[in-house]
Structure formats: structure tokens, C-alpha cells
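Engineer: Below: one structure in C-alpha cells.
The values are calculated or read from the model by the stated rules, or taken from the named source; none is laboratory data. All values derive from a computational prediction rather than experimental measurement. For neighbour counting, all protein chains shown are included, and Cβ atoms are generated from backbone atoms with ideal geometry for every residue, glycine included.
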Amino acid sequence: EILRNTSQGDIDVLVKNEDDSVVTGRTRSSIRKECEANMESQLSGPIRDMLSSSHEVDSGFAQPKKLKAPRSSYGLPSMSQQQEWAVLQKLDRTTQALPSQVARLRRKLHLRRLKRSQGAKVFDLDSYLNSHFRSHQQLSAMPSETLKAFATPKKKDAQKPLSNQLEEEFEKLKSITHTPYANSFASRLYGTPSCHNTITKTTPWLSPWNGRKLRPYIRRDYESKPTAMRLLHEIRSAAGKPQKSGKPINIDSDELRSDSIDYVYFQKEHLEQVNRILCRTFWDGVDVGESLLFPEFSIVALYKRYVVGCAFMTPEAYVTYITVVPGWEKAGIGQFLLYHLFQTAISKDITLHVSANSPAMILYQKFGFKPEEFVINFYDKYLSPESSYSKNAFFLRLRR
């Protein structure tokens with residue numbers, strides 16, 4: 001049986017390759033028996049004894065299983081796009097400081113996702129090396145000047161005494177008269193000058209959703225001066241000095257005129273303030289961190305480094321949240337927030353739910369929203385029993 005299992009392929013080849021003239025008058029079974037006999041005669045004595053003793057063993061024993069060939073490993077398997085996206089989400093959401101190797105992996109995953117969104121070719125080291133090894137490019141000899149430069153050892157400078165080195169370093173320190181702000185300790189305390197009165201990026205960036213170019217500012221409004229802005233200027237003008245009751249405080253008109261309300265895209269630096277404002281306005285547990293994946297469908301209103309309003313919408317054109325901080329109303333902030341969201345989905349119908357007794361119904365009707373459905377207890381699981389808002393909601397639609 002061992003002989004048949006090991007040499008079956010060789011025998012079949014011999015039978016198949018027999019000349020037609022030889023096969024005439026003989027059957028294939030006779031040829032196979034003859035080949036087996038010839039191979040047995042060529043075996044050595046110990047192997048023949050082992051084969052003969054194997055016939056005497058009871059045939060009831062199970063034959064040993066054939067071992068599978070070891071799987072050839074061609075390096076580590078490459079990650080799929082879904083796996084890359086899952087790892088990138090985990091790294092972005094972590095709150096711990098990432099090691100340098102992990103941070104480098106995160107930047108590479110961001111770069112690969114950005115290239116795919118723009119249709120650019122993603123760098124693949126394996127394919128690059130394979131194409132390089134398979135190429136028939138002729139090797140050129142290294143110039144003799146380069147060889148001499150590598151072959152000639154460099155002469156080491158005579159090491160100076162330690163005292164002379166310390167004197168030179170001290171003279172270099174004395175020659176420093178000005179430290180750049182970017183390298184100073186003040187920059188670590190106050191931050192970069194461009195971000196001392198705002199929270200937004202200084203250069204355009206690309207959206208991770210569709211690769212759209214997003215600018216640092218959507219709009220800067222220098223005309224609207226809400227009540228809260230004037231109050232902050234009065235507090236600053238007082239400068240801790242006691243004021244007489246009933247006497248108006250002189251506000252520097254130039255300083256008030258130079259302040260603006262900035263409308264920017266939703267960014268990671270706004271997340272903490274926005275969540276706190278939404279929880280205070282609606283209900284506890286609101287988290288809009290998912291909107292960082294599609295920032296072009298969101299907008300945040302800033303006064304310096306303070307979030308005064310925000311609005312969010314899904315890519316399916318459903319408005320999830322919109323709010324303005326108390327004291328900053330009646331300045332057109334809410335209207336511009338909605339207007340910007342409508343412009344991002346200009347070809348889709350805008351939908352939303354609003355509480356039945358919410359004053360925002362007037363704003364929605366100005367934009368042309370029409371109620372399509374009255375949903376009972378829509379906010380039952382969200383609003384607390386002490387809330388003044390109705391748990392029933394209207395489903396509104398703005399048709400395009």
C-alpha cells in the first residue's frame with residue numbers, strides 16, 4: 001500500500017507514455033503490475049522487509065493522516081480599507097497620548113484615506129519593490145570620484161579641551177539677544193498668536209467625508225452686536241474700577257467695532273463647548289463627535305474663543321441640532337446657521353423635528369418649512385418631566 005501511494009503517479013505516467021505498438025496485446029493492468037514488480041526488485045533489503053512486514057499487520061489499523069504542507073508566508077497581510085477605517089477611528093477617539101510610532105501610523109492612515117477620496121494613487125511598498133526587481137534596467141557604475149570620497153577616511157578634528165568647549169557654548173548663549181515667539185516660554189503659556197482670540201485652523205483643509213476644501217472661516221460678521229457682546233465690553237471697560245449707579249459706562253467704539261462673530265466649520269477643538277451647550281439646551285448625554293466625520297454639514301458661531309451658537313445636519317439633509325446661547329439672540333445668528341446648512345444640501349429636501357411649543361417654529365416657517373406629521377411623545381425618552389417643552393413634535397419639511 002505504501003508503494004502504491006507513493007509511486008502511483010509515476011506508474012500512471014509510465015503507462016500513459018507507453019508506445020502504441022507495445023500496448024498492443026497487453027492490457028494496462030498488466031503493464032502496471034510489471035512496473036510495480038520492477039520497482040520492488042530495485043528496492044534495498046531493509047525497505048523490502050519493512051514492506052513485507054507491513055502486509056502482515058492487521059488492516060483494521062487506521063492509516064495515518066497526511067500532513068498538510070506548511071503555508072508559505074509572504075510577509076504580513078495588508079489591511080483592507082474597512083480595517084484601516086476602524087483602526088483610524090479608534091486612534092482618533094482615544095484620549096491618551098499616542099506614542100510616536102502609533103501617531104505616525106495614524107497620520108499614514110489619514111493620508112491614505114485622503115488620497116482615496118481624491119482619487120490619488122496610494123503608495124504600496126510591496127508593489128513598488130516587485131516592479132523594481134522585475135525591471136530590466138541596466139545598472140550604471142558609480143563614478144570614480146564618488147568611490148574615492150567614500151573610500152578615503154575623514155580626518156578627525158583634534159578634540160578640544162572641555163574648558164574651551166564650555167567657553168564657546170557660553171559665548172554663544174551671550175550672543176542671543178532675542179528669542180522667537182514660537183520658541184519662547186510665552187508661546188507655551190498663551191499659544192500661537194493667530195489663535196489667541198479664535199478657535200479655528202489657520203489654513204484650509206480637506207473634509208474626510210468627500211474631500212471638499214474647507215476654509216478657516218465661512219463668514220465674519222462685524223455688524224451684529226448682540227446684548228452679551230456689549231455686556232462683555234462694559235465689563236472690560238470698567239477694568240475693576242467702582243462705577244456710580246445709573247451712570248452709563250463709556251465703551252470704546254473702535255474696539256467694539258473691531259470685534260466680530262465668526263462662523264466656522266465644526267472642528268475637534270469645539271467639541272467640548274458644543275456638547276456642553278447642547279446638553280444645557282436640550283437634554284443630558286448629547287454628543288456630536290460623529291459630526292467630525294462630515295464637518296461640511298455643520299457650522300459653529302464663535303465670539304473670539306467662545307461658542308455662541310451651532311447647527312448640525314446629517315448628509316441625508318436631516319437637521320439634528322440648532323441652538324444659540326442666551327444673550328446672543330436677535331442678532332441673525334440662528335438665521336445664518338440655518339441658511340448655511342440649506343446651502344450645503346441645495347438639491348435635497350431638508351427635514352427636522354421640532355417640539356410642538358418651541359419658539360423655533362416661527363424661524364422655520366420663515367424659511368418655508370411645512371408640517372407634514374404630528375408625532376405624539378416623540379421626545380418622551382429625551383426630555384425630563386420638569387421640561388417646559390412639549391414631548392410631542394412636528395415633522396417639518398422644506399421642499400426644493
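Engineer: Evaluate the following for residue 336: is it exposed (fewer than 14 other Cβ atoms within 10 Å of the Cβ) and closer than 30 Å to residue 230 by Cα?
Structural biologist: On the way: exposed (fewer than 14 other Cβ atoms within 10 Å of the Cβ): no; closer than 30 Å to residue 230 by Cα: yes.
In short, no.
Engineer: Under 6 Å by Cβ, and 6 or more places apart or on different chains, what pairs join a residue from region 180-197 that is outside the structural domain of residue 267 (by TED's automatic domain parsing) and surrounded by 11 or more Cβ atoms within 10 Å (Cβ to Cβ) with one that is assigned to a loop (DSSP other than H, G, I, E, B) and at pLDDT 80 or above?
Structural biologist: 194/202; 197/304
Engineer: Regarding residue 286, is this residue in contact with a strand residue (DSSP E or B) (Cβ under 6 Å, 6 or more places away or on another chain), hydrophobic (A, V, I, L, M, F, W, C) and surrounded by 17 or more Cβ atoms within 10 Å (Cβ to Cβ)?
Structural biologist: Values: in contact with a strand residue (DSSP E or B) (Cβ under 6 Å, 6 or more places away or on another chain): no; hydrophobic (A, V, I, L, M, F, W, C): yes; surrounded by 17 or more Cβ atoms within 10 Å (Cβ to Cβ): yes.
So residue 286 fails the test.
Engineer: Ok, one more. Please work out which one of (1) assigned to a loop (DSSP other than H, G, I, E, B); (2) under 24 Å from residue 222 (Cα atoms); (3) within 35 Å of the chain's Cα centre (by Cα); (4) of a type outside the set (A, V, I, L, M) is the condition residue 330 fails and give its number.
Structural biologist: (3)
Engineer: All but one of (1) in contact with a Phe, Trp or Tyr (Cβ under 6 Å, 6 or more places away or on another chain); (2) in a helix (DSSP H, G or I) hold for residue 296; which doesn't?
Structural biologist: Here residue 296 meets the rest and fails (1).
Engineer: Testing residue 365 on (1) outside any strand (DSSP E or B); (2) touching a residue at least 12 places away in the same chain (Cβ under 8 Å), one condition comes back false. Which one is that?
Structural biologist: Failed condition: (2).
Engineer: So, one more: Looking at region 105-120, can you tell me whether even one residue there is surrounded by fewer than 10 Cβ atoms within 10 Å (Cβ to Cβ), assigned to a helix (DSSP H, G or I) and either of a type in the set (Asp, Glu) or in contact (Cβ under 8 Å) with a residue 24 or more places away in the chain (or both)?
Structural biologist: No, because not a single residue in region 105-120 is surrounded by fewer than 10 Cβ atoms within 10 Å (Cβ to Cβ), assigned to a helix (DSSP H, G or I) and either of a type in the set (Asp, Glu) or in contact (Cβ under 8 Å) with a residue 24 or more places away in the chain (or both).
Engineer: Continuing with the same structure: Going residue by residue through region 152-163, is there one that turns out to be over 30 Å from residue 78 (Cα atoms), surrounded by 10 or more Cβ atoms within 10 Å (Cβ to Cβ) and at pLDDT 75 or above? Break it down stepwise before answering.
Structural biologist: First pass over region 152-163, keeping only residues over 30 Å from residue 78 (Cα atoms): 152-163.
Remaining after also requiring surrounded by 10 or more Cβ atoms within 10 Å (Cβ to Cβ): 160.
Imposing the further condition that a residue be at pLDDT 75 or above reduces the set to none.
Looking through region 152-163, none of the residues is over 30 Å from residue 78 (Cα atoms), surrounded by 10 or more Cβ atoms within 10 Å (Cβ to Cβ) and at pLDDT 75 or above.
Engineer: Considering only residues that are surrounded by fewer than 11 Cβ atoms within 10 Å (Cβ to Cβ) and part of a helix (DSSP H, G or I), which ones fall in region 121-141?
Structural biologist: Those that are surrounded by fewer than 11 Cβ atoms within 10 Å (Cβ to Cβ) and part of a helix (DSSP H, G or I): 125, 127, 128, 129, 131, 132, 133, 134.
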